[in-house]
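See below for the structure under consideration.
The values are calculated or read from the model by the stated rules, or taken from the named source; none is laboratory data. In this text the structure is predicted, and so the values were computed from the model without any measurement. No Cβ is skipped: glycine too gets one built from the backbone with ideal geometry, and neighbour counts run over all protein chains shown. Note: accessible area is taken over every heavy atom of the protein model, side chains too, but ligands, DNA and RNA are not part of it. Shrake-Rupley method; radii C 1.70, N 1.55, O 1.52, S 1.80 Å.
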Amino acid sequence: MKGKPLASIVSAGLSKFGKLEGLYAREIFAQAAKEAYERCPRLDPKKDIKALFIGHMGESYEHQGHTGATAADWAGLLHVPAIRTEAACSSSGAALRAAVFAIASGLCDVVMAGGVEKMTHRSTPEVTEFLAMASDFPFEQWHGITFPGLFALMATAHMHKYGTTEAQLAHVAVKNHHNGSLNPKAHMQKEITLEQALSSRVIAWPLKLFDCSLITDGASCLILTKPEIAKKYTDTPVHIIGTGQASDTIGLYEREDFTSLRAAKLAAKQAYEMADVKPEDIDVAEVHDCFTIAEIIAYEDLGFCKPGEGGRLAENGETSLKGRIPVNTSGGLKAKGHPVGATGTAQAYEIYLQLTGQADKRQVDDAEIGLTHNVGGSGATATVHIYIRG
Amino acid sequence: MAEQTQNFTIEQFYKYVGQKKLMGGKCLNCGKVHLPPRPLCDKCLSTKFEWIELPQTGTLLTYTVIHVAPTQFQHLAPYAVGIVQLENGVRIPGMIKNTPLDNIRIGMKLKVEFEETPTAQQQQWPQWPRYYFVPY
Ligand SMILES: CC(C)(COP(=O)(O)OP(=O)(O)OC[C@H]1O[C@@H](n2cnc3c(N)ncnc32)[C@H](O)[C@@H]1OP(=O)(O)O)[C@@H](O)C(=O)NCCC(=O)NCCS
Ligand SMILES: [Zn+2]
């Protein structure tokens, strides 16, 4: 037996990801909550759920903050203690970690963790500006640096240091679009070719349209219990056996290295040690591919390959569905979509499906141990979680 | 000057930019040069600093050309931004101007200039002047 279970996922829900016209964030969250309730008939949500932790990045999109209380109410959980966690694109990775703390402290038996973002009703320049708020204002935003721009700065550095190619980046996009085509909830369910990816228009050189994640609406949630009572709610729980989180400088420019995320490496180390698991034990992983280069760097930071070899890992198909270590079977942020606040728990949702044999056409054979890697901003926050089939 | 710790701020950094100076805060205890300046040294937790003038030349560590820009910068796109390592090792991001975008290379030598007219205007706070980089 690997590390001790800290908390157990007994159910999970995910809204459709995409352009959800006419819906408000709280209404999308209600969709995710409803699925989680339906999956778990033995749960009495109003009676059993004792707290809600919800990731949500921006008030700007809907001119609406105070997401904890609002989401709790719309999920049918009026009066439960509810708070929003904000850590940019890892807001719900942080919510999941808060939920694990609530369970592991012994204070709560059953809690909900989730996330939500509604983005597509805004224009791309507006979204670009809102997303940039997760970067350094006085030295990055003030000088016109965007989110794609920050990851492009990492890509240029990675290409220069290791010889990573634009084609290797494109391989990540082709793989994730393929996986997305098998996921009925993905924002984009179409395959793309390498040529299409390579010839798409430039967003922030060397990153092109198909290197970027999507601007998406969506919500996700998980229901977690103390491990010893998980079987009361489901015969097939998934235990969380490792959690890690770290921070770094808000500005990319202040960091020693632009080709690796220190916070992700530190978070991974904590989670691996706690779970007593090694990178080679991971059967399936959801990593933060906000840009294709971020997935390549994630392979290296998580120890799936050596520094500099991430590009080749993608190119050789080692992370494809049938590869040595399938990564982003859901389609990732690239094809499933990236409603920023919802992403962390949406990654956990996919791992939950995989470890309980419910991932349908994208099921990884006999997946037992899974990992999620959720990055905020250009890497000033990272959370890593490790899961085992119960 | 070392006693006025409250002055080692980002606001003051940009006031100096308005005077065409690139200034950093040097920790009087451990010697670390901070850009941006900070009121508390992240290395040794000291609060004693002095302003030092930073070198105005450096080397390009990495760059990108931004095509999809935020609202206030849309009129400039495509534009180049990079991270420059100044001669004393301090790193600073900024726009790279006065060069064909295709000529930009990692390792190229750049120097700091200060804008006469604002690159992009904010409606409200802040009204900071900008520095940028050009090849030399
Ligand atoms: C890349 C990006 C700028 C494109 O936005 P855009 O230029 O406004 O594109 P549009 O919305 O006009 O879409 C044009 C077409 O491209 C498609 N498209 C948009 N974004 C896409 C993406 N990332 N990948 C693939 N296709 C995309 C649209 O579906 C549309 O296709 P259609 O014409 O067949 O309907 C935007 O998706 C983006 O900013 N992504 C990154 C989001 C981000 O930074 N997230 C945070 C990361 S930490
Ligand atoms: Zn010091």
**Message:** Connecting C-alpha atoms closer than 10 Å in a GNM of chain A, tell me which of A:H121, A:H178, A:H373 has the biggest fluctuation.
**Reply:** A:H121
**Prompt:** Heavy-atom accessible surface, probe 1.4 Å, ligands and DNA/RNA ignored: which residues of segment B:89-114 lose at least 50 Å² versus the isolated chain?
**Reply:** B:R91, B:P93, B:I106
**Message:** So if I place +1 on the C-beta of Lys and Arg and -1 on the C-beta of Asp and Glu, and nothing else carries charge, what would the dipole magnitude of chain A be about its Cα centre? I want it in debye, nearest 20.
**Reply:** 720 debye
**Message:** In Å and on Cα atoms, what radius of gyration and Dmax does segment A:247-287 show?
**Reply:** 12.6, 35
**Request:** List the lysines whose Cα lies under 18 Å from the Cα of B:K21, skipping any in the same chain that are fewer than 8 positions away.
**Result:** B:K111
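Which three numbers, in whole Å and largest first, are the semi-axes of the equivalent ellipsoid of segment B:10-53 derived from its Cα gyration tensor as √(5λ)?
They are 20, 9, 7 Å, listed largest first.
Given DSSP loops and a limit of at most 11 other Cβ atoms within 10 Å, what is the longest stretch of chain A that contains no such GluC sites (Glu not before Pro)? It would help to have the intermediate numbers written out before the result.
Numbers: sites that count: A:E21, A:E256.
Value returned for the longest uninterrupted segment is A:22-255.
Can you give the extra length, in nm with one decimal, that the chain gains between A:D109 and A:E273 once fully stretched, where that is 0.36 nm per residue apart less the Cα-Cα distance? Mind dumping the intermediate values first?
On the way: separation 164, 0.36 × 164 = 59.04 nm, distance 2.51 nm.
Length difference between fully extended and current span is 56.5 nm.
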**Prompt:** For the protein assembly as shown, with the dipole built from +1 on Lys and Arg beta-carbon atoms and -1 on Asp and Glu ones, taken about the Cα centre, which of A:L150, A:M133, A:L96 lies farthest toward the positive end?
**Reply:** A:L96
**Fill in**
Listed residues A:Q141, A:Q31, A:Q363; largest mean-square fluctuation, Gaussian network over chain A with Cα springs below 10 Å, found at A:Q141
**Fill in**
Of the listed pairs A:K185/A:K334; A:K161/B:K109; A:K50/A:K232; A:K161/B:K97; A:K118/A:K322, those with alpha carbons more than 22 Å apart are A:K161/B:K97; A:K118/A:K322
**Prompt:** Considering only B:A80, B:T99, B:T57, whose Cα is most displaced toward the positive end of the charge dipole of chain B, charges sitting on Cβ of Lys, Arg (+1) and Asp, Glu (-1)?
**Reply:** B:T57
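Could you state the accessible area per residue of the protein assembly as shown in Å², with a 1.4 Å probe and every protein chain left in place?
Working: 19700 Å² over 526 residues.
Ligands and nucleic acids excluded, the figure is 37 Å² per residue.
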**Item:** Overall Cα dimensions of the protein assembly as shown, principal axis frame, Å, largest first
**Value:** 69, 53, 46
**Equivalent ellipsoid, segment A:61-142 (semi-axes from 5 times Cα gyration tensor eigenvalues, Å)** = 29, 17, 9
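Nearest 20 debye, what's the magnitude of the dipole of segment B:10-53 about its Cα centre given +1 on Lys and Arg Cβ and -1 on Asp and Glu Cβ? Working shown, then result.
Values: 8 positive and 4 negative charges, 9 e Å.
Roughly 40 debye for segment B:10-53.
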**Fill in**
Taking R0 as 22 Å and r as the Cβ-Cβ distance between B:F114 and B:N7, the FRET efficiency 1/(1 + (r/R0)^6), rounded to the nearest 0.05, comes to 0.60
**Message:** As an exercise, use a Förster radius of 41 Å and the Cβ-Cβ distance of B:N29 and A:I83 to find the FRET efficiency, rounded to the nearest 0.05.
**Reply:** 0.60
**Message:** Within segment A:323-359, name every residue whose backbone N is under 12 Å away from a label modeled 7 Å from Cα of A:D281 along the Cβ vector.
**Reply:** none
**Gaussian network model of chain A, Cα within-10 Å springs - most flexible of A:S90, A:S105, A:S15** = A:S105
**Message:** Could you work out how much longer the chain between A:K47 and A:L194 gets when fully extended? Use 0.36 nm per residue separation minus the Cα distance between them, nm to one decimal.
**Reply:** 47.8 nm
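Computed over the Cα atoms of segment B:27-136, what is the convex hull's projected area averaged over all directions, in nm²?
On the way: hull surface 32.8 nm².
Mean projected area of the Cα convex hull: 8.2 nm².
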**Message:** Per 0.36 nm of contour for each residue apart, how much would the distance between A:M133 and A:I229 grow if the chain were fully extended, relative to their Cα-Cα spacing?
**Reply:** 30.5 nm
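Stokes-Einstein at 10 °C, 1.306 mPa s, Kirkwood radius from Cα pairs: D for segment A:1-119 in µm² s⁻¹?
Answer, rounded: 109 µm²/s.
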**Asked** B:T57 to A:H121: FRET efficiency via 1/(1 + (r/R0)^6), r the Cβ-Cβ distance, R0 30 Å, to the nearest 0.05?
**Response** 0.05
